[in-house]
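One structure is given below, encoded as structure tokens.
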Amino acid sequence: MGGPPSVKVVFLPGGRTAVVRPGTTLLDAARRAKAPVRTRCGGVAGCLMCKVAVDEAFRDRLSEPSDAELRKLGPLLQQGMRLACQAKVCRDAVVQVPEDPLKAAVRKKLAEQAEEDLW
Ligand code: FES
């Protein structure tokens, strides 16, 4: 009965979901879910582009921070940031993928323009 145990990971804001084995990294789960977690280093804690934010309620559902995360994220860990390539999923969890910085910049610019147009 049952088959191997599995956990569900939901990636916000898109809500893309993956069902994976416990112990799978968030990066692998994101790939499976086709969620836009970015990586340049290929998952060796080198690029820090795979940062995701984890709500307080879900923090204990991931593996303890790795030495690399402790070193590279420092105080950001307390704010719920994790490196997707390092953090492993232990139980069902929801994580937040930060907006692409380029898209964020474009959006800010558009908002500024809209504001200027008001004057
Ligand atoms: S993928 Fe590069 S630090 Fe995680």
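Worth pointing out:
- Whole-percent carbon and sulfur share, accessible surface of the range 7-115, 1.4 Å: 53 percent
- Interchain or long-range residues, amide H under 5 Å from residue 16's placed H: 11
- The chain - accessible surface per residue (Å², probe 1.4 Å): 65 Å²
- Based on DSSP H segments of at least four residues, each scored -39500 (n - 2.57), the chain has a per-residue ellipticity at 222 nm of -8000 deg cm²/dmol.
- Restricting the range 1-107 to GluC sites (Glu not before Pro) in coil, as DSSP defines it, with at most 15 other Cβ within 10 Å: 99
- No disulfide-compatible partner, judged by a Cβ distance under 4.7 Å, exists for the following cysteines of the chain: 50, 85, 90.
- In terms of accessible area, using a 1.4 Å probe and ignoring ligands and nucleic acids, 11, 58 rank largest first as 58, 11.
- Crossing angle, helix 101-117 versus the chain [Cα axis fit, 0-90 degrees, rounded to tens]: 30 degrees
- For the chain, the Cβ-based charge dipole about the Cα centre amounts to some 580 debye (Lys, Arg positive; Asp, Glu negative; other atoms uncharged).
- Net charge in the neighbourhood of residue 40 (other residues with Cβ under 15 Å of its Cβ; Lys, Arg +1, Asp, Glu -1) is +3.
- If you bin all the Cα-Cα distances of the chain at 5 Å, starting from zero, the percentages per bin are 2, 12, 20, 21, 17, 10, 7, 5, 3, 2, 1, 0, 0, 0.
- Surrounding net charge for residue 5, when Lys and Arg each add one and Asp and Glu each subtract one, Cβ distance under 13 Å: +2
The values are calculated or read from the model by the stated rules, or taken from the named source; none is laboratory data. Note that the structure is predicted; figures quoted are calculated from it, not measured. Note that each Cβ is placed from the backbone with ideal geometry, even for glycine, and that neighbours are counted across all protein chains shown. Protein only, heavy atoms only, side chains kept; ligands, DNA and RNA dropped before computing areas. Shrake-Rupley method; radii C 1.70, N 1.55, O 1.52, S 1.80 Å.
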